[in-house]
Amino acid sequence: MPKLVLAPTFVIALVFIHGFILLNAWLSFSSSRMMPKYDWAGLIQYQRLFENERSAVAARNLFIFATLFILICLLLGLLMAIFLDQRIRGEGVIRTIYLYPMALSFIVTGTAWKWILNPGLGFEKLMHDIGFETFQFDWLINPDMAIYTVVIAAVWQSSGFVMALFLAGLRGIDDSIVKAAQIDGASLPMIYRKIIIPGMRPVFFSAFIILAHIAIKSFDLVMALTGGGPGYASDLPATFMYTFAFTRGQIGIGAASAMMMLLTVMAVIVPYLYSELRSNRHA
């Protein structure tokens, strides 16, 4: 009976997830353009992908975005978790405020930050209205800085979630270890630096995996905030794939780009799964 109940879900997942992944992989090796073809063309689509200037911009933006997004979220999340771990008054309210952005979709976050960073009606206009006439903050329309606005919005959305992970890890540390260190004369910063934070390596690793996955597949935040612009200055692989596959009639290049995203995600996820299975085997 359990197998019978689970069979429809298993079949649907097999067809509409794994089946379409295999179909996309086949299209990436075909000569498909506006319409899909099921012939075999070798690596021509991947060659076109790597020779495409816009693809190189998307890859460079992904490196910048992922690096800054992950590092800043880890740092802010850890600092906020340490702050809340001091059992301060109003902890529940502050924790709710930190976690609130995570309740919003990336579409809402991107739209809100698009208003905030718009030079004509957001932060720059506010500074002009209060007397700072020479103040300028045009990152949203600056091709060299647009990708950093995506970093700002993504960090605002996700750092609270990382804080919750770290706070759970901090609350799981054995109090007797901390008390023993205090008896030996260790200061609170030294206890965190030498004992508590090194003991949270699994939490750091888990947070890194989650943030890397978010960064690689980021699409809706970019589309709502910058639309990949100005031009294609803030393109990421997901927006590049969507543009070529669905608006420019280049299904083959879009499929190849999607496969490269899948391989990037697998490069992050597989080592994590391997380490988890290995630790469980030795437990």
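Just so you know, all these numbers are worked out from the coordinates, no wet-lab data involved. Please read these numbers as outputs of a predicted model, since none were measured by experiment. Cβ atoms come from the backbone with ideal geometry, glycine included; neighbour counts cover every protein chain shown.
From the residues W139, W113, A267, which one has its Cα farthest along the dipole of the chain in the positive direction, the dipole being from +1 and -1 charges on Cβ of Lys/Arg and Asp/Glu about the Cα centre? The one lying farthest along the dipole's positive direction is A267.
Estimated at 0.36 nm per residue, the fully extended path between L277 and W115 surpasses their Cα-Cα distance by 53.8 nm. With each label modelled as a point 7 angstrom along the Cα→C-beta vector, the I269-Y100 pair spans 3.3 nm. Here the contact order of the stretch 109-241, divided by its residue count and restricted to Cα pairs under 8 Å and six or more residues apart, works out to 31 percent.
Computed over the chain, the per-residue total of -39500 (n - 2.57) for DSSP H runs of n ≥ 4 gives a 222 nm mean residue ellipticity of -21000 deg cm²/dmol, rounded to 500.
Sorting the Cα pairs of the stretch 136-283 by distance into bins of 10 Å, from 0 upward, gives 10, 26, 27, 20, 12, 5, 1 percent per bin. State log₁₀ I(q)/I(0) for the stretch 19-164 at q = 0.14, 0.19 Å⁻¹ as given by the Debye formula over alpha-carbon point scatterers of equal weight, solvent excluded. The computed values of log10 I(q)/I(0) come out as -0.91, -1.12.
Note on T9 and K179: their simple-model spin labels are 4.4 nm apart, each label 7 Å out from Cα toward Cβ.
A dipole drawn for the chain from +1 and -1 charges on Cβ atoms has a positive end, and of A215, A256, I70 the residue lying farthest that way is A256.
Give me the tail of P(r) for the stretch 181-243 as a percent: Cα-Cα pairs with distance above 18 Å. Summing the P(r) of the stretch 181-243 above 18 Å gives 58 percent of all pairs. The lysines within cross-link reach of K125, meaning a Cα-to-Cα straight distance under 16 Å and a gap of 8 or more places when in the same chain, are K114.
A Cβ-based charge dipole, computed about the Cα centre of the chain with Lys and Arg at +1 and Asp and Glu at -1, lands at about 760 debye.
Placing one equal scatterer on every Cα of the stretch 207-283 and applying the Debye formula, the log10 ratio I(q)/I(0) at q = 0.11, 0.24, 0.27 Å⁻¹ is -0.38, -1.09, -1.20.
Inter-label distance, M35 to R248: 2.2 nm, where each label sits 7 Å from its Cα along the C-beta direction.
With θ taken as phi - 60° and the Karplus curve 6.51 cos²θ - 1.76 cosθ + 1.60 applied, the whole-hertz 3J(HN,Hα) list for the stretch 166-178 is 5, 5, 4, x, 5, 6, x, 6, 5, 4, 5, 5, 5 Hz, x standing for glycine and proline.
Which longest run of the chain has no exposed loop site in it, a site being chymotrypsin sites (Phe, Trp or Tyr not before Pro) in a DSSP loop with at most 12 other beta carbons within 10 Å, and the site itself not part of the run?
Working: sites that count: Y38, W40, F132.
Excluding the exposed sites themselves, the longest stretch runs over 133-283.
Since only M127, F205, S158 are under comparison, the one whose Cα sits farthest along the positive direction of the charge dipole of the stretch 110-227, derived from C-beta charges on Lys, Arg, Asp and Glu, is F205. The calculated FRET efficiency for F83 paired with D144, based on their beta-carbon distance and R0 = 41 Å, is about 0.75. Hull volume per residue, based on the alpha-carbon atoms of the stretch 105-218 and their convex hull, is 162 Å³.
Taking the Cα centre of the stretch 134-283 as reference, the dipole from Cβ charges on Lys and Arg (+1) and Asp and Glu (-1) amounts to some 440 debye. A Förster radius of 30 Å, combined with the Cβ-Cβ distance separating S206 from V93, puts the computed FRET efficiency at roughly 0.70.
Subtracting the Cα-Cα distance from 0.36 nm times the residue separation, let me have the gained length for L23 to A168 in nm, one decimal. Please list the in-between numbers first.
Working: separation 145, 0.36 × 145 = 52.20 nm, distance 4.10 nm.
Length gained, L23 through A168: 48.1 nm.
Below 8 Å, C-alpha to C-alpha, sequence gap of six or more: please give me the relative contact order for the stretch 16-148 in percent. Provide the component values of the computation, followed by the final result.
Working: 68 pairs, mean separation 14.8, N = 133.
The normalised contact order for the stretch 16-148 reaches 11 percent.
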